[in-house]
Amino acid sequence: MAPLALLALLALPFLEIAVFIKVGELIGVWPTIGLTLLGSFAGLALMRAQGLATLARARQAALANQPPLDEMLDGLAILLAGALLIVPGFITDVLGLLLFVPWVRRGLRRRIWRTFEVRERRSHGMIIDAEYTVVERGKPPAAEESRRLPHGERGKR
């Protein structure tokens, strides 16, 4: 997954340049620049409006004593969407606009939560190596009573 993301990140500037050239051929240089600026301003406006709405939902969740986890992920997605729209380019604009669509963010949230659940399930079989001290009530712990579990006894206590 990481090599694919790195490849996409490296290829993005070249793809953006190619799209700029094609759009410039189709509609001209000034309209292309105008569309790019319009996308940046639209990104700022959408980020502000949806960001404030997400903040209000997070406050409501917090007032109801519920952790605003979904709202926090929405906020991060909106921030990323705004950044993608501010960066000049038509491909990044399309990706940014997609992140402003609520059902796209919901799907992204579900995927993120599933990833965390899978990682949590994998970590339950983990063995933690630790030292312990035997302490009896009324007696201070002695240095010689501190022991380390033998390898075969790990995880039994």
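No lab work stands behind these numbers, since they all come straight from the coordinates. What you see is a predicted model, and the numbers here were worked out from it, not measured in a lab. Cβ placement follows ideal geometry from the backbone for every residue including glycine, while neighbour counts extend to all protein chains displayed.
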Efficiency by 1/(1 + (r/R0)^6): what FRET value for W30 and L95, r their Cβ-Cβ distance, R0 = 30 Å, to the nearest 0.05? 0.75
Rounded to the nearest 0.05, what FRET efficiency is calculated for L52 and A5 with R0 set to 35 Å and r the Cβ-Cβ distance? 0.70
Net charge near R57, counting Lys/Arg +1 and Asp/Glu -1 over other residues with Cβ under 10 Å of its Cβ? -2
Just from the alpha-carbon atoms, what are the Rg and Dmax of region 1-110 in angstroms? 16.6, 55
Tell me, what is the FRET efficiency for R106 and A18 to the nearest 0.05, using R0 = 22 angstrom and their Cβ-Cβ distance as r? 0.10
Could you tell me which of F90, L44, W113 has its Cα farthest along the dipole of region 17-122 towards the positive end, charges placed at Cβ (Lys, Arg +1; Asp, Glu -1), taken about the Cα centre? W113
Expected vector for region 21-35, Karplus 3J(HN,Hα) from phi with 6.51, -1.76, 1.60 and θ = phi - 60°, integer Hz, x for Gly and Pro, equals 4, 5, 5, x, 5, 6, 10, x, 5, 5, x, 5, 5, x, 5
